[in-house]
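Shown next, in C-alpha cells, is the structure this report addresses.
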Number of protein chains: 2
Amino acid sequence: MPTLYLIPVTLGDSPIERVLPAENRNVILKIKHFIVEDIRSARRFLKKTDRDINIDELHFYELNQHTDPKMLSALLKPLEQNLDTGIISEAGCPAIADPGADVVRLAQERGYKVVPLVGPSSILLSLMASGFNGQNFAFNGYLPIPPAERAKALKKLEVLSENQTQIFIETPYRNLKMFDDILAHCQAQTRLCIAADITLDTEFIKTKTIKDWKKEKPLMIDKKPCIFLLGR
Amino acid sequence: MPTLYLIPVTLGDSPIERVLPAENRNVILKIKHFIVEDIRSARRFLKKTDRDINIDELHFYELNQHTDPKMLSALLKPLEQNLDTGIISEAGCPAIADPGADVVRLAQERGYKVVPLVGPSSILLSLMASGFNGQNFAFNGYLPIPPAERAKALKKLEVLSENQTQIFIETPYRNLKMFDDILAHCQAQTRLCIAADITLDTEFIKTKTIKDWKKEKPLMIDKKPCIFLLGR
C-alpha cells in the first residue's frame with residue numbers, strides 16, 4: 001500500500017538531532033517523491049538530513065498558496081503509481097498551518113495510507129511550557145488586523161480562555177504591535193504566555209499576568225517567530 | 001538559571017528512535033530530579049533511554065490525581081536549590097492532558113526557565129494525518145458520558161467543526177461505544193477521522209464521512225488508545 005508521509009522540519013536553524021527522531025531520516029531516505037512548499041528550502045533540509053543524499057534522483061512537486069486547487073489531484077500521481085510520497089513543510093509540522101492539509105484530505109478520500117512523523121510544533125511546545133490548561137485548548141491562527149476587529153477578537157478570546165486555552169500567531173514584524181494590542185484590550189489579571197524562537201538557543205517562553213507584562217516589554221520577540229497564548 | 005524540562009515519552013511500546021529526538025537523551029542524562037505520574041513507568045522509560053543509567057542516584061517525586069494541590073510547591077524544591085528538574089508524563093507530552101501543567105504554572109510564576117522537549121502528541125499527529133483544517137482547531141478532552149449530555153456535546157462539536165476542527169478522546173474500553181454515538185448523532189456528510197495506536201506498528205488513521213463509516217465499523221480501535229476528530 002503506497003503511503004503519504006508527513007515530514008516535519010526544524011523550526012529555524014536548530015540541529016536536526018534536537019527536534020527530529022532518528023527514524024525520520026530512514027523514512028526520508030526511502031522516498032523519491034516530495035510535495036514541498038518551497039523547493040530550495042526542501043532541498044536544504046534534505047541535505048541537512050543526509051549530506052550524501054542524491055538530490056538529482058528526487059522529484060519535487062510544489063504546493064503553496066499559488067497552486068491551483070484543480071492541480072491538487074496531480075500531486076497524488078506518484079501514489080497512484082504505487083510510489084511513497086512525502087510532504088515537507090516550510091517549518092514545523094506539515095498540514096497544521098500550511099497547504100499540505102488539502103493533499104492529505106485527498107489522499108484520505110482515495111484511501112491511501114497517511115503516516116505522520118514526529119517533529120516540533122510551536123503550538124504544542126508553547127502550550128506545554130505555558131502552564132495553561134492542556135485538557136482544553138484551541139488554535140486560532142492569525143487574528144484580524146483592523147483595530148476594531150482585532151479588539152473584538154482579543155476580548156472574545158480572553159473570555160473563552162477561562163475554560164479553554166486560546167493560542168494564536170502573528171507575522172513576525174507585527175509581534176510587538178500584537179503585544180501592545182493584547183495589553184491594551186485584556187484585563188490586568190488575565191494571563192498571557194509569549195513564546196518566541198522555540199527550540200532555538202534563544203528560546204523565550206514566559207507566562208505572566210497582563211499587569212506584570214506591563215512592567216517588561218519583551219523586545220526580543222521583534223521580528224522573531226512567536227506564538228501567543230491566553231489562559232489560566 | 002535552574003530549568004524545568006518537559007520530557008515526552010513514547011506512546012505505548014514504540015522504539016525511542018521513532019518518536020524522540022536524540023538530544024532528549026542528553027538532556028535526560030544531566031537531570032537527577034524527576035516529577036513523574038508513576039514512578040515504575042518513569043523508571044522503565046529512563047532505562048529504555050539508557051540501559052546504563054544509574055536509577056539509584058535519581059530522585060523521583062510523584063504527581064498524579066492523588067497529589068494534594070498544597071504539595072505542588074514542594075515539587076519545586078530542587079529548582080529552588082538550583083537543580084534542574086524534569087517532568088515525565090505517562091504517555092506523550094507532559095502538561096498537555098496530565099497534572100504536569102500545575103507544576104509548570106507554578107514554575108512560570110516563580111520565574112524559572114521552562115524548556116519543552118519534542119515528542120509524540122496523538123493530538124497533533126492525528127490532526128496532521130486527518131486532512132482537516134489545521135489553521136483552526138480545538139482539543140476538548142473527554143466528552144460527557146450520560147447519553148443526553150453526550151448527544152448534545154456531539155451535536156455542538158459537529159456544528160463547530162465547520163470552521164474549527166474538533167478533537168476529543170475517550171477511555172479505550174469505551175471507544176466502540178463512542179463510535180456508535182458519533183454515528184447516531186452526526187449527519188451523513190459530516191467527516192470523522194479516527195486515529196488509534198498512533199506511532200505503533202498497528203497505527204490506524206482514517207478519515208471518512210459518517211455515511212461511509214456506517215459501512216465499516218473499525219473494530220481494531222476496541223481497547224486501544226484512540227482519538228476522534230470532526231472536521232471538513
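The values are calculated or read from the model by the stated rules, or taken from the named source; none is laboratory data. Remember, predicted model here, so these are calculated numbers, not experimental data. Reconstructed Cβ throughout: ideal geometry from the backbone, glycine too, with neighbour counts over all protein chains shown. For the accessible areas, the whole protein counts, side chains as well, though only heavy atoms, and no ligand, DNA or RNA atoms are used. Shrake-Rupley method; radii C 1.70, N 1.55, O 1.52, S 1.80 Å.
Observations on the structure shown:
- The set of residues from the stretch B:15-49 being surrounded by fewer than 21 Cβ atoms within 10 Å (Cβ to Cβ), at the interface with chain A (Cβ under 10 Å from one of its Cβ atoms) and not in a helix (DSSP H, G or I) comprises just one member, B:P15.
- Residues within the stretch A:205-232 that are under 18 Å from the mean Cα position of the chain (by Cα) and open to solvent by 60 Å² or more (accessible area, probe 1.4 Å), tallied: 3
- Total residues in the stretch A:136-150, condition in a helix (DSSP H, G or I) and open to solvent by 90 Å² or more (accessible area, probe 1.4 Å): 2
- Contacts under 7 angstrom Cβ, first residue in the stretch A:60-82 being in the same structural domain as A:P99 (by TED's automatic domain parsing) and farther than 14 Å from A:V104 by Cβ, partner open to solvent by less than 90 Å² (accessible area, probe 1.4 Å) and among the small types (G, A, S), 6 or more apart: A:F60/A:A42
- Comparison of A:G119, A:G141 shows that the only residue that is over 30 Å from A:P2 (Cα atoms) and facing chain B (nearest Cβ under 10 Å) is A:G141.
- Count of the stretch B:151-177 residues, restricted to those that are surrounded by 18 or more Cβ atoms within 10 Å (Cβ to Cβ) and either on the phi > 0 side of the Ramachandran plot or acidic (D, E) (or both), is 2.
- Condition met for A:I55 (among the β-branched types (V, I, T) and within 17 Å of the chain's Cα centre (by Cα)): no
- For the stretch B:144-169, filtering for residues that are away from every other protein chain (no Cβ under 12 Å), under 30 Å from A:R110 (Cα atoms) and among the β-branched types (V, I, T) leaves 1.
- Filtered by the rule that a residue be open to solvent by 50 Å² or more (accessible area, probe 1.4 Å), over 22 Å from B:N136 (Cβ atoms) and touching a Leu at 6+ places or on another chain (Cβ under 6 Å), the stretch A:51-109 gives a lone residue, A:Y61.
- The residue that is nearest to the other protein chains (Cβ to nearest Cβ), among those in the stretch B:76-107 that are touching a helix residue (DSSP H, G or I) at 6+ places or on another chain (Cβ under 7 Å) and in a helix (DSSP H, G or I), is B:V104.
- Scope the stretch B:194-204; condition assigned to a strand (DSSP E or B) and surrounded by fewer than 24 Cβ atoms within 10 Å (Cβ to Cβ); matching residues: B:I194, B:F204
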